[in-house]
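The values are calculated or read from the model by the stated rules, or taken from the named source; none is laboratory data. Small disclaimer: the values here were computed from a predicted structure and weren't measured. Virtual Cβ from ideal backbone geometry, glycine too; neighbours counted across all protein chains shown. All accessible areas refer to the heavy atoms of the entire protein, side chains included, with ligands and DNA or RNA removed. Shrake-Rupley method; radii C 1.70, N 1.55, O 1.52, S 1.80 Å.
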Amino acid sequence: MKNRHLACPLAAATALALAGCGMLPGGDGGTKTVNVWLMRDSVSEDFLSRFTEAYEKEHAGVELEFTIQEWTGIGKKVTEAIQGSGGPDVIEVGNTQVAQYADTDKLFDLTLESVRDLGSEDWLPGLAEPGSIGGAQYGIPWYAANRIVIYNKELFEDAGLDKPPATRAEWLDDTEKLNKNGSQGIYLAGQDWYTLAGFIWDEGGELAVDRGGQWTGALDSPAAQRGMAFYKKLQALGSGPKNADEQTPPQADVFAKGDVAQLIATPSAVAAILKANPDLEDKLGYFPIPGKQAGRPCAVFTGGSDLIIPENAPERGAALDVVKTLAGEKWQTELARAMGYVPNKKGLASVVAGQEATAVMAKGAARGRATPNSPQWADVEADNPIKPYMTAVLQGEDPVKAAEVASTAITDTLAE
């Protein structure tokens, strides 16, 4: 869907249409049209309208054309676009996808702009690190989201708990107290591997390590084993399935029944919870996933998006300025408040202070990480050996042997 052109016949209906119809490409012979691909649901129409109107007002002779893309099948579409000709000029991509696109050698190197113009030293690591390939910055962090603990205040009160836990040890103790009287202390599916990744990173481990250009699975390391051992203890304090992920059944629906004390999810799960059970609206609380030490949340997987510019971008100079504006403080603040995202810089966390769940998410994002920065990591996730590994351990198999099998599978896939 190309928002501007489809909206023009309805110019009276939206500000986006008014902004889009005011200047047609080539109308005066000097207009530059910057084609930007954004993903479905990354922005609201209101945000896009306000950004377009403000940007075009401040940049005479530049028109913004936004094309909304679907996540399904986007990898092939982006790869074809950056290897062809004619655009687009700016593309939003998942932060963990940057490596596979950079591997084509068709992305523009944004290292200079990152350091000189965009304050890269303060970027969230979970967005910045996957955007950096071989020392060059190809992905500019745009927004982030990560898991937090959503809890039922009423069940906490019933268990005599008047505040969230500050450490992982306290978390286990509290969850055990909550796991009584017909209630689950926590609902944690056995194959929630993103949550496991955070525990592994918190212990100093990795999912895979890069040894001179050769990626090797690392689930069998002592640190990774400690992370899995903690996951097993926590998962046992509820009735989550050991052989399924958080979508089977949808964990928000399970929590919505009202007899689950805690859920590990992004704040986006709240809408699904309340849709299923509106009576929980005043009973929900939030805290960062606890770390080993008080005041230091657990490491978490950071999802979100980066912005890239293809080498073949027809309006690369103008595209650079659009990226700088989208990633700058003003529009980062606007985006975070409008969409409930974490801004791209740790120093901007205060702009969401009034949004409880998002503010909690921002605390965790400061210790965010991303999956291994290999172009082949998507292939690992496609037939994910981490999931059956987790199930094997939770069902009592030898954790080291199970980890060795999974690590070998990861190594083989990353070597392809």
Can you pull out every residue in the range 394-416 that is assigned to a helix (DSSP H, G or I) and aliphatic (A, V, I, L, M)?
LEU394, VAL400, ALA402, ALA403, VAL405, ALA406, ALA409, ILE410, LEU414
Condition first: open to solvent by less than 60 Å² (accessible area, probe 1.4 Å) and either farther than 17 Å from SER183 by Cα or of a type in the set (S, T, N, Q) (or both). Now tell me which residues in the range 251-272 satisfy that.
GLN251, GLN262, ALA265, THR266, PRO267, ALA269, VAL270, ALA272
So, LYS283, is that one closer than 22 Å to PHE199 by Cα and among the charged types (D, E, K, R) or not?
no
Is it the case that GLU58 is touching a His at 6+ places or on another chain (Cβ under 8 Å), at pLDDT 95 or above and either closer than 22 Å to PRO314 by Cα or among the aromatic types (Phe, Trp, Tyr) (or both)?
no
Does the range 364-393 hold any residues that are part of a helix (DSSP H, G or I) and either of a type in the set (Phe, Trp, Tyr) or under 19 Å from ILE289 (Cβ atoms) (or both), and which are they?
GLY364, ALA365, TRP377, ILE386, TYR389, MET390
For the range 51-63, check the following and say yes or no: at least one residue is open to solvent by 20 Å² or more (accessible area, probe 1.4 Å), within 23 Å of the chain's Cα centre (by Cα) and either over 15 Å from PRO310 (Cβ atoms) or β-branched (Val, Ile, Thr) (or both).
no
Just one listed residue, out of ARG369, ARG337, is basic (Lys, Arg), touching a residue at least 24 places away in the same chain (Cβ under 8 Å) and crowded, with 16+ Cβ neighbours inside 10 Å, and it is ARG369
Within the range 61-77, how many residues are modelled with pLDDT of 95 or more and on the phi > 0 side of the Ramachandran plot?
0
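Would you mind stating whether GLY87 is in contact (Cβ under 8 Å) with a residue 60 or more places away in the chain, open to solvent by less than 40 Å² (accessible area, probe 1.4 Å), assigned to a loop (DSSP other than H, G, I, E, B) and of a type in the set (Gly, Ala, Ser)?
In short, yes.
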Any hit, the range 349-363, residues being free of Cβ contacts under 8 Å to residues at least 12 places away in the same chain, open to solvent by less than 60 Å² (accessible area, probe 1.4 Å) and not in a loop (DSSP other than H, G, I, E, B):
yes
Could you pull out the residue among GLY303, GLY317 that is in contact (Cβ under 8 Å) with a residue 60 or more places away in the chain and either over 17 Å from VAL43 (Cβ atoms) or not basic (Lys, Arg) (or both)?
GLY303
